[in-house]
Amino acid sequence: MKTQQYDLVVIGGGPAGMAAAVSAYDQGVRSIVILERDKQLGGILNQCIHNGFGLHHFKEELSGPEYAERYIKDVRARDIEVRLESMVLDLNSERIIQLVSPSHGFELIEAKAVILAMGSRERARGGIGTPGTRPAGVLTAGAAQRYVNLEGQRVGENIVILGSGDIGLIMARRLSLEGCKVHACVEIMSEPGGLARNIVQCLQDFDIPLLLSHTVTRIEGKKRIEAVHIAKVDMQMRPIPGTERRVACDTLLLSVGLIPENELSRAAGVELDNRTKGPQVFENLQTSVPGVFACGNVLHIHDLVDHVSDESARAGRAAAAYLSKQTDTAGGDLIALEAGRGLRYTVPQRLHLRPDLEKLDIFFRVTHTAEEQKIIVESGGKQIALFRRVHVAPGEMEKITLPAKVLAEIQPGAKLSLRLEAAL
Amino acid sequence: MYDIAIIGAGIIGASVAYELSRYRLKILWLEKENDVSLGATRANSAIVHAGYDPPAGSRMARLNVEGTRLMPALCEAVDAHYKNTGSLVLAFDERDRSTLRSLKEQGDANGVPGLQVLNREETLAREPALNPDIVGSLYAPSAGIILPWELTLGLAEVAVREGVDLRLRQELQTIRYEADHWKLETQNETYQARRVINAAGQGAEKIHRQATEPAFHLLPTRGEYYLLDKAVDPQVSHVLFQCPGPLGKGILVTPTIHGNTLIGPNAELIEDGEDTSTTYAGLAEVAQKARRSVPNLRFGENIRHFSGVRANREVDDFYIAMHDKGFLDLAAIKSPGLSAAPAIALYARELLEADGLEVQPREGWNGRRKVRRFAERSPEDKAAMVDANPAFGRVICRCQTITEGEILEAIRSPIPPVSIDAIKRRTGAGLGRCQGGFCGPRVLEILSRELGVDPAEILQDKDGSYIVLGDNRPEVRI
Ligand SMILES: Cc1cc2nc3c(=O)[nH]c(=O)nc-3n(C[C@H](O)[C@H](O)[C@H](O)COP(=O)(O)OP(=O)(O)OC[C@H]3O[C@@H](n4cnc5c(N)ncnc54)[C@H](O)[C@@H]3O)c2cc1C
Ligand SMILES: Cc1cc2nc3c(=O)[nH]c(=O)nc-3n(C[C@H](O)[C@H](O)[C@H](O)COP(=O)(O)OP(=O)(O)OC[C@H]3O[C@@H](n4cnc5c(N)ncnc54)[C@H](O)[C@@H]3O)c2cc1C
């Protein structure tokens, strides 16, 4: 079978893949293809018909499809090949890609560099282990969003939402507008998972109760769901006996987290991070496999598409640099980043401390909500930088940037650790 | 007038229908649900047991060992997956070790091939993820795994293609013998048949009591399971049992055909034989006991819980009996019912022949079927499949790589699917880690388009399990 050659293959045509391809092109890469399994570019944005995209990036409030449209135009304005309805089936560590599409059939592509931009999938019922029956009417918030927004179908009338992730919150509002009754949004943690603005605009504005430290303990109904049992949970997140009550409903939406879609990464031998469920990357977003980069939700779950676009543009530039051999990623000292107290993870997870590194962006999430915090950056036991935050929450991704003069203070051989501390 | 009516389309009904389709017989096959394989046959451990468990010399032992011997060829014939994994019964102390020895003796007496007691090192060499505290195991090379619903479909599709008259959504409600035949009434039809085979699983006792004197009593016993994602360590490569002991039969850990890890079942006596819900207590029990075999199992990687209900009875045996007037019970087919099914079908034919049924082979009978599975083909085959039909280039289920072409072939198969889960059983779409979150809406769209019905009529599973209610804004649609 004939193998086609490209300099850069971008897997996934969502906001991440598009931004990465555009920036690689602008850095001079000319042989680029975006492989997208859907019938159109745009990824998950296509079903997000609500507003709230682009506030940071375009300083305007756009809907998901509008935001995607800007990037689609950017892609179309360049000589970037786009293959739609093209599903990547396999990627190996030699960067050989197996691909299938109705129009071109089964193909092999060899790439000099690959950008992983496959996005994420939603955690399903099995992942949270709610017992009970297994009726119809229990679906992920994203699947409901697809039915309602793209296919014009009603999913139910009496809704309970489990999990307070952003998609669930958005769907609470969407379904209320469609005339459904949303009885409650049930969250097992003591704080909401989604953005503060979504709690206000999607729940409070519609008088939908947010039940924190509660969970669904049982699903009832043999054919279609008929009710859920909701109970309060203790500190160990175990249901407290006696607090259970039954809420009749015909639909249960699950908004219990997104999981980066890394089956291809795993097949290629890319090392993954257990906390982010995405690849471990260096400062230039290169994975453990040379020439393979990652960005967007496949790398770690983002709340704002604006950050996805920025991150992905960096991945595009890094891939271009790799292709023109400007960067030898193996150069410089290898430094591990450590997510210390109060932090769930960092991206990147490690870096090559090269003299030409101008700045370092570090993304992370905190473990709990807190006010008046400082983020302390240490190397070899010595504090080298300090950042202040008025408010931090697990639902909102944080970013800090270390300038060159801070980078110069990093001790070779030591870990670069970050931790959170009360500022007072 | 039918020569034979088979009641129930689980693995037992399907095995018998397949076997009898070889002969010049007019066969009616009634099933109350909208598809085959919706009873115990779809929710169990999927293990082809070697056959050392049933008492030496018992009929159950003979049917188990023979069924297990026949299984690979039968699966091959109807293009259903079978994997010969072998099994290990694990021993944790001296008492367990003596259990192993008696199981081996019993198995040898039952004619189970190749049984071997392994020491600790030999066992750990075979299965490194095991609890290092084990002291030995009984290795049974003939054990294996299947996809029970897939085998059932394979057998059923051949039977239907070969002329068996399968009637879905027909619940047998009353049965009565009249002069020289049985009169069978469902919710809306009446049928007549000279002989009846009762393979109705949890429904078998009720039917039996209408046909003849009470002879057995079913004790529905539920077992709950975890199904862990594929490609998650630790992985096991054999079926791993614990020794039966005072604490019960133990919990097993096994690979599945698709590379997932299946863990379960506990045993809880329940009232309603169709109550397949899961419970906190049951799942917790399963997890806790399974860790004794494989300490590092990652329950956080669970993709689905489910439970199945065994048609157990008051004694530890099947209830297989030929009664007067051609009424044959294949009832209380508890574990190892899947394993024994091929042999039970042959035995059923013998019993019917002894009862006077004349069986004459039909010419041109073809017991084989073939399913095209894109993901399992070579790159060259894949290319050729898409060239011939672009629908094979459209991946619908991303977790299992199932294409639209496969779904269309399933829709045109001898037993047409009416639900998303029926597509899942036929193609594997939706069986993977996202459990249909991604492909569910797409499969619904394809089904609605191909069957020419409104999306609101498409079911998730059994009748009544509708997924969407209909158009959002009918007034603004053209
Ligand atoms: C429901 C929802 C609501 C949101 N609301 C907001 C909001 O209000 N404001 C905001 O700023 N952000 C919001 N976000 C976040 C933002 O949309 C995402 O972070 C962003 O879309 C992620 O971009 P991505 O390109 O990484 O992933 P995706 O958009 O998921 O794109 C990944 C693409 O890769 C393709 N793909 C995957 N695997 C393969 C393969 N094997 N072969 C070929 N193609 C493949 C997929 O089809 C998809 O098109 C929301 C996200 C969701 C899900
Ligand atoms: C938890 C569990 C684990 C098991 N593990 C294994 C294992 O690992 N290996 C093994 O060999 N065996 C195992 N078994 C046993 C095996 O699953 C059963 O023996 C087998 O599936 C029984 O098949 P069946 O056809 O008799 O019953 P079923 O599959 O229950 O089929 C009976 C059918 O009859 C239909 N029906 C009922 N009443 C009527 C009516 N009135 N009219 C029309 N149709 C009717 C039902 O809808 C159903 O489709 C297990 C069982 C369970 C429950």
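Here is how the numbers come out for the structure above:
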{"item": "Of all DSSP beta bridges in chain B, antiparallel share, percent nearest 5", "result": "75"}
{"item": "Three-way shape call for the range A:32-83 based on the alpha-carbon gyration tensor, with the a/c threshold at 1.5", "result": "oblate"}
{"item": "A:Met189 accessible area, assembled protein chains, probe 1.4 Å, Å²", "result": "90"}
{"item": "Relative contact order (%) - criterion: Cα under 8 Å, at least six apart; region: the range A:332-424", "result": "38"}
{"item": "Amide H contacts of B:Phe327 (H built 1.01 Å from N, under 5 Å, at least 5 apart or other chain)", "result": "B:Val196"}
{"item": "With at most 10 neighbouring Cβ atoms within 10 Å, loop trypsin sites (Lys or Arg not before Pro) (DSSP) excluded, longest segment of chain A", "result": "A:60-324"}
{"item": "Heavy atoms of B:Cys434 accessible to a 1.4 Å probe, total area in Å² rounded to 10", "result": "10"}
{"item": "Charge context of B:Ala348, other residues only, Cβ under 12 angstrom, K/R +1, D/E -1", "result": "-3"}
{"item": "Potential lengthening between B:Asp165 and B:Ala284 on full extension [0.36 nm per residue; Cα-Cα distance subtracted]", "result": "38.4 nm"}
{"item": "Gap separating the Cα centres of the range B:281-300 and the range B:400-478, nearest whole Å", "result": "34"}
{"item": "10 Å binning of all Cα-Cα separations within chain A, expressed as whole percents from 0 upward", "result": "5, 21, 29, 25, 16, 5, 0"}
{"item": "Pairwise label distance in nanometres, B:Ala125 with B:Asp355, each label 7 Å out on the Cα-Cβ vector", "result": "5.2"}
{"item": "Chain-alone versus full-assembly comparison, the range B:284-312, residues with accessible loss of at least 50 Å² (1.4 Å probe)", "result": "B:His305"}
{"item": "Translational diffusion of the range B:78-183, µm² s⁻¹ [Kirkwood Rh, Cα pairs; Stokes-Einstein; 10 °C; 1.306 mPa s]", "result": "89"}
{"item": "Mean-position separation - Cα centroids, the range A:70-112 and the range A:7-58, in angstrom", "result": "12"}
{"item": "Volume per residue of the C-alpha convex hull in the range A:124-256, rounded to whole Å³", "result": "94"}
{"item": "Candidates per GluC sites (Glu not before Pro) in the range B:317-421, loop by DSSP, up to 15 other Cβ within 10 Å", "result": "B:Glu358, B:Glu363"}
{"item": "Free-standing Cys residues across chain B, given no other cysteine C-beta under 4.7 angstrom", "result": "B:Cys75, B:Cys243, B:Cys399, B:Cys434"}
{"item": "Under Karplus coefficients 6.51, -1.76 and 1.60, residue-wise ³J(HN,Hα) of the range A:57-65 in Hz, glycine/proline x", "result": "7, 10, 6, 9, 9, 10, 7, x, x"}
{"item": "Placed amide H near A:Val292: partners under 5 Å, 5+ positions off or other chain", "result": "A:Val114, A:Thr287"}
{"item": "Accessible area buried at the A-B interface, both sides summed, 1.4 Å probe (Å², nearest 100)", "result": "4200"}
{"item": "Taking all pairs of distinct alpha-carbon atoms in the range B:324-468, Kirkwood radius in angstrom", "result": "18.2"}
{"item": "Model label zone, A:Glu409; criterion: amide N under 18 Å from point 7 Å along Cα-to-beta-carbon; scope the range A:371-391", "result": "A:374-389"}
{"item": "More than 14 Å apart - percent of Cα-Cα pairs taken over the range B:374-425", "result": "53"}
{"item": "Carbon plus sulfur fraction of accessible area for the range A:332-424, probe 1.4 Å, in percent", "result": "51"}
{"item": "Efficiency of FRET between A:Lys382 and A:Arg344 - r from beta-carbon atoms, R0 22 angstrom, step 0.05", "result": "0.35"}
{"item": "Cα pair distances of chain B binned at 10 Å [whole percent]", "result": "4, 19, 29, 26, 16, 5, 1, 0"}
{"item": "Amide H within-cut-off set for A:Val182, under 5 Å, with H built and near neighbours excluded", "result": "A:Ile159"}
{"item": "Relative contact order of the range A:122-204, pairs being alpha-carbon contacts under 8 Å that are 6 or more residues apart, as %", "result": "27"}
{"item": "Structure-based [θ]222 nm, chain A - -39500 (n - 2.57) summed over DSSP H runs of at least 4, per residue, nearest 500", "result": "-5000 deg cm²/dmol"}
{"item": "Approximate spin-label separation B:Asn389-B:Asp275, in nm, with each point projected 7 Å along Cα-to-Cβ", "result": "4.4"}
{"item": "Protein-only accessible surface order, largest first, of B:Trp29, B:Trp149 at 1.4 Å", "result": "B:Trp149, B:Trp29"}
{"item": "Per residue accessible area in Å² of the range A:124-256, where ligands, DNA and RNA are left out and the probe is 1.4 Å", "result": "38"}
{"item": "Stokes-Einstein translational diffusion, the range B:54-106 - Kirkwood Rh over all Cα pairs, 1.306 mPa s, 10 °C, in µm²/s", "result": "119"}
{"item": "For the range A:154-195 and the range A:373-401, distance of Cα centres in Å", "result": "32"}
{"item": "Cubic angstrom per residue, convex hull over Cα atoms of the range B:405-478", "result": "99"}
{"item": "Rg [Å, one decimal], Dmax [Å, integer] - the range A:207-331, C-alpha atoms", "result": "21.7, 66"}
{"item": "1.4 Å probe accessible area per residue over chain B, in Å²", "result": "39"}
{"item": "Using alpha carbons only: equivalent-ellipsoid semi-axes of the range A:332-424, gyration tensor based, whole Å", "result": "23, 13, 12"}
{"item": "Kirkwood-based shape ratio for the range B:34-132, expressed as Rg/Rh from alpha carbons", "result": "1.02"}
{"item": "Convex hull volume of the protein assembly as shown per residue (C-alpha atoms, cubic angstrom)", "result": "185"}
{"item": "Relative contact order (%) - the range B:374-457, alpha-carbon pairs under 8 angstrom, separation at least six", "result": "23"}
{"item": "Theoretical FRET efficiency, 1/(1+(r/R0)^6), r = Cβ-Cβ of A:Lys59 and A:Lys399, R0 25 Å, to 0.05", "result": "0.90"}
{"item": "Calculated FRET value between A:Ala422 and A:Ala267, using beta carbons and R₀ = 56 Å, to 0.05", "result": "0.80"}
{"item": "Share of carbon and sulfur in the accessible heavy-atom surface of chain B [1.4 Å probe, %]", "result": "49"}
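The values are calculated or read from the model by the stated rules, or taken from the named source; none is laboratory data. In this text the structure is predicted, and so the values were computed from the model without any measurement. Heads up, the Cβs are rebuilt from the backbone with ideal geometry, glycines too, and the neighbour counts pull from every protein chain shown. The accessibility values were calculated without ligands, DNA or RNA, using every heavy atom of the protein model including side chains. Shrake-Rupley method; radii C 1.70, N 1.55, O 1.52, S 1.80 Å.
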